[in-house]
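Inspection log for the structure reproduced underneath, given as structure tokens.
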Amino acid sequence: DTGVSQNPRHKITKRGQNVTFRCDPISEHNRLYWYRQTLGQGPEFLTYFQNEAQLEKSRLLSDRFSAERPKGSFSTLEIQRTEQGDSAMYLCASSSYRGKYNEQFFGPGTRLTVL
Amino acid sequence: DAKTTQPNSMESNEEEPVHLPCNHSTISGTDYIHWYRQLPSQGPEYVIHGLTSNVNNRMASLAIAEDRKSSTLILHRATLRDAAVYYCIKGGNKLVFGAGTILRVKS
């Protein structure tokens with residue numbers, strides 16, 4: 001399967017702990033996006049990378065959140081000092097941007113539960 | 001940046017066409033109109049996109065109003081597997097999702 005993969009699929013943590021999620025995009029896709037989705041809502045944009053450069057960050061991405069894409073391939077999203085409000089599905093998507101329209105391919109998501 | 005406006009939910013019978021409307025009155029000249037759908041327990045999936053002209057692909061058709069302030073996603077023959085939340089999005093590469101339309105398909 002050459003789709004977008006995310007690990008872990010589920011994460012349960014206690015408030016105050018740090019968590020890290022990984023996203024592996026489709027091979028050779030140069031853009032990678034992170035979204036967050038809470039129950040009953042559409043996904044909310046968090047940030048995106050073109051290759052290793054982080055080009056945009058939403059104001060939703062507080063100081064406790066950090067995302068990296070060190071070699072322009074996989075990406076990690078870390079949440080420090082988790083809060084109950086961080087409980088959500090974290091979705092990753094990738095696309096191949098060549099100056100024209102590019103559809104995004106989404107992974108299955110990582111469901112975070114903060115107790 | 002205002003999101004699009006869609007009905008909360010719609011219902012269709014299996015094997016019948018479905019027309020999902022979307023209003024995007026604040027659309028700019030360079031904004032695409034994208035449609036994605038999300039099946040239960042899955043990430044969103046691309047359906048179709050357009051800029052000015054109507055578009056067809058293997059999944060659906062997209063009819064765009066002349067003034068581009070509204071569009072309609074057309075599923076020609078709904079199946080049970082088309083039951084999902086359908087999101088209409090305007091903009092560029094950063095997708096700004098609204099709450100979408102929950103499509104229920106009855107057998």
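If R0 is taken as 41 Å, the Cβ-Cβ distance between B:Ser107 and B:Asn54 corresponds to a FRET efficiency of 0.85.
Here the spin labels are modelled as points 7 Å beyond Cα on the Cα-Cβ line, and at A:Arg22 and A:Lys100 they lie 3.5 nm apart.
Counting only other chain Cβ atoms within 10 Å of each residue's Cβ, the peptide A:4-17 averages 0. Note on segment B:44-107: Kirkwood radius taken over Cα pairs, Stokes-Einstein applied at 25 °C and 0.890 mPa s, translational D equal to 191 µm² s⁻¹.
Would you mind classifying the protein assembly as shown by shape? Square roots of the alpha carbon gyration tensor eigenvalues, ordered a ≥ b ≥ c; an a/c under 1.5 is rounded, otherwise it is prolate if a/b is larger than b/c and oblate if not. It is prolate, given that a/c is not under 1.5 and a/b is the larger ratio. For segment B:23-52, a drop of 10 Å² or more in accessible area on going from the chain alone to the assembled protein chains (1.4 Å probe) is found at B:Tyr32, B:His34, B:Tyr36, B:Gln38, B:Ser41, B:Gly43, B:Pro44, B:Tyr46, B:His49. Taking Cα centre as origin and charging only the Cβ of basic (Lys, Arg, +1) and acidic (Asp, Glu, -1) residues, the dipole magnitude of segment B:20-107 rounds to 260 debye.
Here the scattering of segment A:38-88 is modelled by Debye summation over its C-alpha atoms, one equal scatterer each and no solvent; at q = 0.22 Å⁻¹ the log10 of I(q)/I(0) is -0.90. Of the residues A:Thr38, B:Tyr36, A:Ser66, the one whose Cα sits farthest toward the positive end of the charge dipole of the protein assembly as shown, with +1 on the Cβ of Lys and Arg and -1 on the Cβ of Asp and Glu, is A:Ser66. Shielding value for A:85-94 is 1, the average number of Cβ atoms from other chains within 10 Å of each residue's Cβ. Past the 28 Å Cα-Cα mark, which pairs from A:Lys14/A:Lys57; A:Lys100/B:Lys3; A:Lys11/B:Lys106; A:Lys71/A:Lys100; A:Lys100/B:Lys106; A:Lys11/B:Lys94? Violating the 28 Å Cα-Cα cut-off are A:Lys11/B:Lys106; A:Lys100/B:Lys106.
Charge dipole of the protein assembly as shown (Cα centre as origin; +1 on each Lys and Arg Cβ, -1 on each Asp and Glu Cβ, all else neutral): 460 debye, rounded to the nearest 20. Label positions at A:Lys71 and B:Leu80, each projected 7 Å from the Cα along the C-beta direction, are separated by 4.5 nm. Basic side chains Lys and Arg get +1 at the Cβ, acidic Asp and Glu get -1 at the Cβ, and with that the dipole of segment A:1-71 about its Cα centre reaches some 400 debye.
One compactness figure for chain B is 1.00, namely its Cα radius of gyration divided by 2.2 N^0.38 Å. Fully extending the segment from A:Gln80 to A:Asp63, taken as 0.36 nm per residue of separation minus the present Cα-Cα distance, adds 5.3 nm. For the residues of A:104-114, the average number of beta carbons from a partner chain within 10 Å of their own beta carbon is 3. Taken per residue, the accessible surface of segment A:14-115 reaches 50 Å², heavy atoms only and a 1.4 Å probe.
The values are calculated or read from the model by the stated rules, or taken from the named source; none is laboratory data. Quick caveat, the model's predicted, so the values are computed rather than measured. A quick note on method: Cβ atoms are made from the backbone with ideal geometry, for glycine too, and the neighbour counts reach across all protein chains shown. These area figures cover heavy atoms from the full protein model, side chains too; ligands, DNA and RNA do not enter into them. Shrake-Rupley method; radii C 1.70, N 1.55, O 1.52, S 1.80 Å.
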